[in-house]
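Right, one structure below, let's go through it.
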Amino acid sequence: MLRYILYGLYASILVHINQWRSYESLRKRAEKKVIRQIHLAYKNVPYYKKKYDEAGVSMKDIKTLADLKKLPFITKDEIRENFPDGILALGTDIKHCHYSATTGSTGRSLPFVFSHNTHIFYNTTNFRVYTMFGYRPWHKSVYVKYTNSNVRSLGPLFRTGHVKSIITVQEQIEAIKKEKPDMLVGYASLILEIARTVTPEDLKIIRPKFISVNSELSTRDQRDYIASVFKCPVYDEYSTEETWMIASQCKEHNYHLFIDNVWVEFLNEKGEEVKPGEVGEIVLTTMMSPVMPFIRYRIGDLGRPSNKKCACGRGFPLLEAFDGRRDDSFILPSGRFVSSLKILNTFTMYIKKYLHLMEEFKVIQTDPGLVIIKLVKGKEYREDRFQELIDQLNRIFGEPVTIKVEMVDSIPSTGAVKRKAIESLVNKRDIPDLARLN
Ligand SMILES: [Zn+2]
């Protein structure tokens, strides 16, 4: 037990020092850890050895981060199929590990295992996310989550509360009133629902200093709305349960990539690194979890890297933006990605500009060069105004794409699955698999 406490203290200090190192120093450290992790995985994790042998990769050729591109990708399906024997390091005793599973947006569960040290390290990266925007140990933090938070209070320090995500929003508001958080943490959609429901009376009691939203892609509009309701800054955090912290916003609202935990590649459809500002598929390599390493792991999200520096002075590189799920994004005839969020934001912009222009809509890409908009007209629909929106979409596409508008009376819901406003039927079918291109 004492060993874990001491390691926790050490890791906590280390991650806080890391953020002030220069980018060059962080990159060098990451390179060392990533390469060591790959060599270890080849030696200890049967599935990686088999995979790399089959791909004809020699470990002698894996020396720098630039060599990563020689390695094939790994997908959630492969991990699921090879769990536990193929994907855990030899000799791992799950009983002495942190063992859990995630469902993600696909609804299929993915099991994962961390050593206790890895789990402690991961928790210190959470702590750093919160201190980045001003959380201090004497603040009370309250988590809106489906599981209990396992952080324990130390007397007046690290006080935490937990509000279940599966109760009604009114019950959640009552629970939050009792907890009186300085910091509120939760999924963006849950906090948004709470923000839409709280009354001015509730807000006399619920007065957080900051809010951290996580685990889902939220739009800036949604975060701005939450901030306006609670009158405090809202920071977005990007993580997965299996790889833990990937990025979070600092006080400047810039996203920093935590390259002391995970190495992040942004790749185009040919598997090459995209330029700063361009949309790429996010591919992750963990470096702190030797028991179950994720090497060139495709999580299916899109993002844009940035080469700008942040005024906060942290050396962690910046991420310009998230662009939603790869599966929802449009792939144009040239092979460029256009994010579903960008298309959705365009509609939102015109819904705000011309109230009652449209009642409901759905945008479907059926072919790389063809996009169909199903539209239920609003009571103040005007063709010239809707044409403005189409012109804007054409500007975003930036290459010849036919946009057809079909007027409909209603847009049927597909039942249990949450309806998507933006959907592409193209990429699952026609886009070459990055893994096969490699
Ligand atoms: Zn910053």
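Report whether or not residue 54 is closer than 17 Å to residue 297 by Cβ, loosely packed, with under 13 Cβ neighbours inside 10 Å and free of Cβ contacts under 8 Å to residues at least 12 places away in the same chain.
Considered against the rule, which asks whether it is closer than 17 Å to residue 297 by Cβ, loosely packed, with under 13 Cβ neighbours inside 10 Å and free of Cβ contacts under 8 Å to residues at least 12 places away in the same chain, residue 54 comes out as no.
So, of the residues in the stretch 227-236 that are surrounded by 22 or more Cβ atoms within 10 Å (Cβ to Cβ) and away from the ligand (no atom under 12 Å from the Cβ), which turns out to be modelled with the highest pLDDT?
From the stretch 227-236, those surrounded by 22 or more Cβ atoms within 10 Å (Cβ to Cβ) are 234-236; that's our starting set.
Imposing the further condition that a residue be away from the ligand (no atom under 12 Å from the Cβ) reduces the set to 234, 236.
Values: 234: 97, 236: 93.
Per the stated criteria, the residue is 234.
With (1) of a type in the set (A, V, I, L, M, F, W, C); (2) within 16 Å of the ligand (Cβ to nearest atom); (3) crowded, with 23+ Cβ neighbours inside 10 Å as the list, and residue 210 as the residue in question, which single condition is left unmet?
Unmet condition: (3).
Per-residue answers, yes or no, for (1) within 16 Å of residue 331 (Cβ to Cβ); (2) surrounded by 14 or more Cβ atoms within 10 Å (Cβ to Cβ):
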site: 359; (1), (2): no, yes
site: 363; (1), (2): yes, yes
site: 369; (1), (2): yes, yes
site: 373; (1), (2): no, yes
site: 376; (1), (2): no, yes
site: 387; (1), (2): no, no
site: 395; (1), (2): no, no
site: 402; (1), (2): yes, no
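Go over the candidates 174, 179, 193 one by one and state the one that is in contact with a strand residue (DSSP E or B) (Cβ under 9 Å, 6 or more places away or on another chain) and without any contact (Cβ under 8 Å) to a residue 40 or more places away in the chain.
Only one candidate passes the filter, namely 179.
If you check residue 284 against the conditions, is it without any contact (Cβ under 8 Å) to a residue 60 or more places away in the chain, buried (at least 18 other Cβ atoms within 10 Å of the Cβ) and not basic (Lys, Arg)?
yes
Before we move on, is residue 283 away from the ligand (no atom under 16 Å from the Cβ), farther than 19 Å from residue 30 by Cα and not in a loop (DSSP other than H, G, I, E, B)?
no
Go through the stretch 239-263 and give me each residue that's part of a strand (DSSP E or B) and more than 16 Å from the ligand (Cβ to nearest atom).
Let us first name the residues in the stretch 239-263 that are part of a strand (DSSP E or B), namely 239-240, 244-249, 255-257, 262-263.
Residues satisfying the conditions are 239, 240, 244, 262, 263.
Just to confirm my filter: which helices (runs of 4 or more DSSP H) fall fully inside the stretch 1-74 and include at least 3 residues that are out of contact with any Lys or Arg (no Cβ under 6 Å at 6 or more places or on another chain) and over 21 Å from residue 121 (Cα atoms)? Step through it out loud before you land on a result.
Numbers: elements: 2-18, 23-44, 46-54.
Hits in the stretch 1-74: 23-44, 46-54.
How do the pairs read when you match residues in the stretch 294-321 that are more than 30 Å from residue 52 (Cα to Cα) and within 16 Å of the ligand (Cβ to nearest atom) with residues anywhere that are of a type in the set (S, T, N, Q) and modelled with pLDDT of 90 or more, using Cβ under 6 Å and keeping only pairs 6 or more apart or on different chains?
310/254; 314/19; 315/22; 318/254; 318/306; 320/306
For the stretch 325-337: of the residues being under 20 Å from the mean Cα position of the chain (by Cα) and surrounded by fewer than 22 Cβ atoms within 10 Å (Cβ to Cβ), which is nearest to the ligand (Cβ to nearest atom)? Before the answer, list the steps.
Residues of the stretch 325-337 under 20 Å from the mean Cα position of the chain (by Cα): 325-330, 337.
Subset that is surrounded by fewer than 22 Cβ atoms within 10 Å (Cβ to Cβ): 325, 327.
Values: 325: 26, 327: 30 Å.
Result: 325.
Return yes when residue 275 is part of a loop (DSSP other than H, G, I, E, B), basic (Lys, Arg) and more than 16 Å from the ligand (Cβ to nearest atom) and no when it is not.
Yes, satisfied.
Tell me which residues, restricted to the stretch 75-97, are without any contact (Cβ under 8 Å) to a residue 24 or more places away in the chain and assigned to a helix (DSSP H, G or I).
77, 81, 94, 95, 96
Checking the structure you have, find out if any residue of the stretch 102-117 is in contact (Cβ under 8 Å) with a residue 60 or more places away in the chain, within 16 Å of the ligand (Cβ to nearest atom) and not in a strand (DSSP E or B).
no
One residue is enough: does the stretch 246-256 have a residue meeting the conditions of a type in the set (A, V, I, L, M), touching a helix residue (DSSP H, G or I) at 6+ places or on another chain (Cβ under 7 Å) and in contact (Cβ under 8 Å) with a residue 12 or more places away in the chain?
no
The values are calculated or read from the model by the stated rules, or taken from the named source; none is laboratory data. If you're wondering where the values come from, they're calculated on a predicted model, not measured in any experiment. Cβ atoms come from the backbone with ideal geometry, glycine included; neighbour counts cover every protein chain shown.
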